[in-house]
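The values are calculated or read from the model by the stated rules, or taken from the named source; none is laboratory data. The model shown is predicted, which means the values in this text are computed figures rather than measured ones. Here the Cβ positions follow ideal geometry from the backbone for every residue, glycine too, while neighbour counts run over all protein chains shown. Just so you know, the surface numbers come from the protein's heavy atoms only, side chains and all, with ligands and any DNA or RNA stripped out. Shrake-Rupley method; radii C 1.70, N 1.55, O 1.52, S 1.80 Å.
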Amino acid sequence: MPFPAALLLLALLLSPPPLCRAAESETESGARELRLETIVAPPEGCTELSAPGDTVHIHYTGTLEDGRIIDSSLGRDPLQVELGRHQVIPGLEQSLLDMCVGEKRRAIIPPHLGYGKRGSPPSIPGDAVLRFEVELVGLSRASYWQKVLNEVVPLLCLALVPALLGLIGFHLYRKASSPKLSKKKQKEEKRNKAKKK
């Protein structure tokens, strides 16, 4: 069987049938994917879009499907969020990507990108679909070195922890496998060394 035909056959076998996809894409409330609606379009000529690593300053109002407000920043200072650091729920963080200052969006967040099956009692029930109206009021670009630091330090820590554990294990192994001398023999060895000098 030619190589491309084998790949096509493998792709067809691994992908679920279309009926399964349609059934998976809806929950009881009807929302399975993050939906974004533009309320206020980005300003003309906007070239700086928010990206992972940037710090965004936002005003937001979060509601449940029935319209009950669960949280809002309108009566206080804008919320500062560093994108990519998981400081807010995943659906809200995803909705903040590729925004311009002055743009306003409505994000309809499914439960798996919000608070999940458990919710956040007492204000957010389990499996709640959330609606957030978000306005980007400020954007601070991450410098090249900040982005490198944010990406390299976690990887460096992932490499250093096993190396450190390996060194500790090696030290303990060497210590356990070395012959142990009693205190009496240690004193004799010290005397013999002193006599040789």
Report the paramagnetic label zone for LEU74: residues of region 93-107 whose backbone N is under 17 Å from a point 7 Å from Cα along the Cα-to-Cβ axis.
103-107
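Rank by packing, highest mean first: peptides 167-179, 117-129, with packing defined as the count of other Cβ atoms within 10 Å averaged across residues. Present the calculation step by step, with values, prior to reporting the outcome.
Details: 167-179: 8.9, 117-129: 14.0.
In decreasing order of mean packing, 167-179, 117-129 become 117-129, 167-179.
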Full extension between TRP145 and GLU188 adds, at 0.36 nm per residue less the Cα distance, a length in nm of 9.5 nm
Report, to the nearest whole %, how much of the accessible area of region 62-103 belongs to carbon and sulfur atoms, 1.4 Å probe, protein only.
47 percent
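Please list ASP71, ASP66, ASP77 from largest to smallest accessible area, probe radius 1.4 Å, with all protein chains kept in place. Don't skip to the answer; put the middle values down first.
Numbers: ASP71 60, ASP66 105, ASP77 125 Å².
From most exposed to least exposed: ASP77, ASP66, ASP71.
So which GluC sites (Glu not before Pro) in region 63-160 end up in coil per DSSP with only 15 or fewer other C-beta atoms within 10 Å?
Details: sites: GLU65, GLU82, GLU93, GLU103, GLU133, GLU135, GLU151; in loops: GLU65, GLU103.
Of the GluC sites (Glu not before Pro), the ones in loops of region 63-160 whose Cβ has at most 15 other Cβ atoms within 10 Å are GLU65.
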What is the extension gain from PHE170 to THR38, computed as 0.36 nm multiplied by their sequence separation minus the C-alpha to C-alpha distance, in nm to one decimal?
41.7 nm
Around VAL88, under 11 Å between beta carbons, what's the net of Lys plus Arg minus Asp minus Glu among the other residues?
-2
The distance between the Cα centres of region 42-88 and region 160-195, in whole Å, is 58 Å
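By how many nm would the segment from LYS180 to LEU156 grow when fully extended, if each residue of separation counts as 0.36 nm and the alpha-carbon distance is taken off?
Values: separation 24, 0.36 × 24 = 8.64 nm, distance 3.74 nm.
Full extension from LYS180 to LEU156 adds 4.9 nm.
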Dipole check, region 18-173, charges on Cβ (K,R +1; D,E -1), about Cα centroid: among PRO42, PRO52, LEU155 the Cα furthest to the positive pole belongs to LEU155
